[in-house]
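Colleague: Dropping a structure here in structure tokens format, bear with me for questions.
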Amino acid sequence: ETVSYGHPQRLRYTLDNDLLTPEQRLFYEENGFLLIRNLVSKQDIDRFRGEFERICRQEIKVPGLVVMRDVAIAKSEFVPDQRAVSKVQDFQEDPELFRYCSLPKILKYVECFIGPNIMAMHTMLINKPPDAGKKTSRHPMHQDLHYFPFRPVDRIVCAWTAMETVNRQNGCLVVLPGSHKGTLQEHDYPEWEGGVNKMYHGVRDYDPEHPRVHLEMEKGDTVFFHPLLIHGSGMNQTQGFRKAISCHYASGDCYYIDVKGTTQENIEKEVKEIIVRRHAVGDELTFKDTWAIRGRLVQGERISM
Ligand SMILES: CCCC(=O)SCCNC(=O)CCNC(=O)[C@H](O)C(C)(C)COP(=O)(O)OP(=O)(O)OC[C@H]1O[C@@H](n2cnc3c(N)ncnc32)[C@H](O)[C@@H]1OP(=O)(O)O
Ligand SMILES: Nc1ncnc2c1ncn2[C@@H]1O[C@H](COP(=O)(O)OP(=O)(O)OP(=O)(O)O)[C@@H](O)[C@H]1O
Ligand SMILES: O=C(O)CCC(=O)C(=O)O
Ligand SMILES: [Fe+2]
Ligand SMILES: [Mg+2]
């Protein structure tokens, strides 16, 4: 690769490939994200939206799916409508939504970051609600690696696709370019007066002077980003539900780690508490197991995951 000539140590975050231009490759190396415009077709996105609406109306039931409501309405009466759902997670058993994770257009890019063995580890469709006035629709600045007990970190990548126009008004992603070159920070709940959603941990003290980039995107635009990139999303100040679909991929040759004694212990504890409550199981199910059960191979070989 010509771009690595004389600077082999600079190419740590991407692999040799014939898809990324040298400029795109260096952009990801330096910034920790890469935005590809118009990657996913409008037709596919309309199908994902239709499936999401069927789930909200409770016309279909998906095994393992986690339906989350915004903390501002978590204790109010449930109505089967998208207005009650701020996000669905773990849609690996929904063939229509999971099609997103296997789209060849997406996997071609994913392979540039993590190689040919590709596991879909974490799936989400985020339906950021109009803010009810307490700013609970924000997602605090965080690093996704906080949630993941697997490594190596550079063989993990997120694909996040806008399902409609996302901008500062409805709470687009906000990233700190280059922050992926740092280490995993300590995360905890931010001290927000109006409340914070369950498990929405944030980086405690990130440099407020660090440049921020608001990723304004159109329907189908897709951003790939590194799991150490500090990112969040702002308040939804519109009346619409801002939708995005995402998948976190890891190489099939990644391995699980024990997070005991690390900054990730707090999230492990919360995940375990929820599992015990939901499934009436005890300590026999480990944090690592919860990931191994949800992970699905989408390309190549499942070696150690
Ligand atoms: C790269 C990865 C990045 C991330 O994953 S970031 C965020 C990850 N967040 C999550 O994984 C949370 C996923 N959500 C969930 O597991 C569930 O929605 C959650 C929060 C456990 C609620 O489960 P449900 O089955 O709906 O249970 P429930 O309605 O009986 O509520 C149980 C207790 O939880 C509370 N709750 C529900 N939604 C909440 C929310 N959004 N924020 C804060 N608290 C919330 C609810 O009020 C109830 O509390 P209580 O027990 O009555 O005191
Ligand atoms: N008071 C705060 N403390 C910590 N993080 C915050 C705070 N306010 C916003 N954030 C976080 O900063 C990111 C961007 O939020 P927000 O959209 O409000 O930013 P902004 O730069 O003020 O943009 P805009 O001016 O368009 O609202 C989000 O991740 C949000 O959760
Ligand atoms: O769609 C968003 O608002 C960001 C979600 C996010 O970063 C996450 O769930 O990890
Ligand atoms: Fe995130
Ligand atoms: Mg703001």
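The values are calculated or read from the model by the stated rules, or taken from the named source; none is laboratory data. Every value quoted in this text rests on a predicted model; they were computed, and no experiment measured them. Please note: Cβ atoms are built from the backbone with ideal geometry, for glycine as well, and neighbour counts cover all protein chains shown. What goes into the accessible areas is simple: the full protein's heavy atoms, side chains included, and nothing from ligands, DNA or RNA. Shrake-Rupley method; radii C 1.70, N 1.55, O 1.52, S 1.80 Å.
Colleague: Can you give the log10 of the normalised intensity I(q)/I(0) at q = 0.16, 0.30, 0.31 Å⁻¹, computed with Debye over equal Cα scatterers of the stretch 215-272?
Modeller: So the normalised log intensities work out to -0.85, -1.37, -1.38.
Colleague: Taking +1 at the Cβ of each Lys and Arg and -1 at the Cβ of each Asp and Glu, which of Phe225, Phe150, Thr136 sits farthest along the dipole of the stretch 126-238 towards its positive end, judged by Cα position relative to the Cα centre?
Modeller: Checked the options; the winner is Phe150.
Colleague: Order the following by accessible area, largest value first: His214, His142. Probe radius 1.4 Å; ligands, DNA and RNA are ignored. Show your work: numbers first, answer last.
Modeller: Values: His214 55, His142 10 Å².
Sorted by accessible area, descending: His214, His142.
Colleague: Relative contact order for the chain: what percent, with Cα pairs under 8 Å and sequence separation of 6 or more? Could the numbers behind the result be given before it?
Modeller: On the way: 625 pairs, mean separation 80.0, N = 305.
In percent, rounded to a whole number, it is 26.
Colleague: Where does each of 21-27, 277-283, 160-166, 198-204 land if you order them by average Cβ count within 10 Å, highest first? All intermediate terms of the calculation are to be shown ahead of the outcome.
Modeller: Working: 21-27: 14.9, 277-283: 8.9, 160-166: 21.9, 198-204: 17.9.
The most tightly packed comes first, giving 160-166, 198-204, 21-27, 277-283.
Colleague: Compute the Kirkwood hydrodynamic radius of the chain, taking the inverse of the mean of 1/r over all pairs of distinct Cα atoms, and give it in Å to one decimal. Don't skip to the answer; put the middle values down first.
Modeller: On the way: mean 1/r = 0.0505 Å⁻¹.
Evaluated over the chain, this radius sits at 19.8 Å.
Colleague: With unit charges on the beta carbons (Lys and Arg positive, Asp and Glu negative) and the dipole taken about the Cα centre of the stretch 17-87, which residue among Gly50, Phe33, Thr21 sits farthest to the positive side?
Modeller: Highest projection toward the positive end goes to Gly50.
Colleague: Per DSSP H run of at least 4 residues, take -39500 (n - 2.57); add these up for the chain, divide by its residues and hand me the 222 nm value, nearest 500 deg cm²/dmol. Before the final figure, lay out each step's value.
Modeller: Working: 6 runs with 67 residues, N = 305.
One gets -6500 deg cm²/dmol as the mean residue ellipticity at 222 nm.
Colleague: Note the full-extension length gain between Glu216 and Glu270 as 0.36 nm times their separation in residues minus their Cα-Cα distance, in nm to one decimal.
Modeller: Between Glu216 and Glu270, full extension yields 16.2 nm more.
Colleague: Protein chains only, probe 1.4 Å: how do Asp90, Asp289 rank by accessible area, largest first? Don't jump to the answer; show the numbers that get you there.
Modeller: Values: Asp90 10, Asp289 45 Å².
Sorted by accessible area, descending: Asp289, Asp90.
Colleague: Same structure, new question: For the stretch 66-217, just say rounded, prolate or oblate: build the C-alpha gyration tensor, square-root its eigenvalues into a ≥ b ≥ c, call rounded for a/c under 1.5, and beyond that prolate if a/b exceeds b/c, oblate if not. Walk me through the numbers on the way to the answer.
Modeller: Numbers: a/c = 1.68, a/b = 1.15, b/c = 1.46.
Oblate, since a/c reaches 1.5 and b/c is not below a/b.
Colleague: Please tell me the relative contact order of the stretch 126-253 in percent, rounded to the nearest whole number, where contacts are Cα pairs under 8 Å and at least six residues apart.
Modeller: Values: 283 pairs, mean separation 64.5, N = 128.
Over the stretch 126-253, the number comes to 50 percent.
Colleague: Rounded to the nearest 20 Debye, what is the dipole magnitude of the chain about its Cα centre when Lys and Arg each give +1 and Asp and Glu each give -1 at the C-beta?
Modeller: Working: 40 positive and 43 negative charges, 132 e Å.
I would put it at about 640 debye.
Colleague: Per residue, how many Å² of accessible area does the chain show with a 1.4 Å probe?
Modeller: Numbers: 14240 Å² over 305 residues.
Computed with neighbouring chains in place, this is 47 Å² per residue.
Colleague: Next question, about the same structure. Quick one: 3J(HN,Hα) in Hz for the stretch 223-230, Karplus 6.51/-1.76/1.60 with θ = phi - 60°, rounded, Gly and Pro as x.
Modeller: 10, 9, 9, 6, x, 9, 5, 6
Colleague: Another question, if that's okay. About its Cα centre, how strong a charge dipole does the stretch 102-211 have in debye, to the nearest 20, once Lys and Arg get +1 and Asp and Glu get -1 at the Cβ?
Modeller: Dipole size: approximately 400 debye.
Colleague: Tell me, what % of the accessible area of the chain is carbon and sulfur with a 1.4 angstrom probe? Display every interim value, and only then the final one.
Modeller: Values: 7260 of 14240 Å².
Roughly 51 percent of what the probe reaches on the chain is carbon or sulfur.
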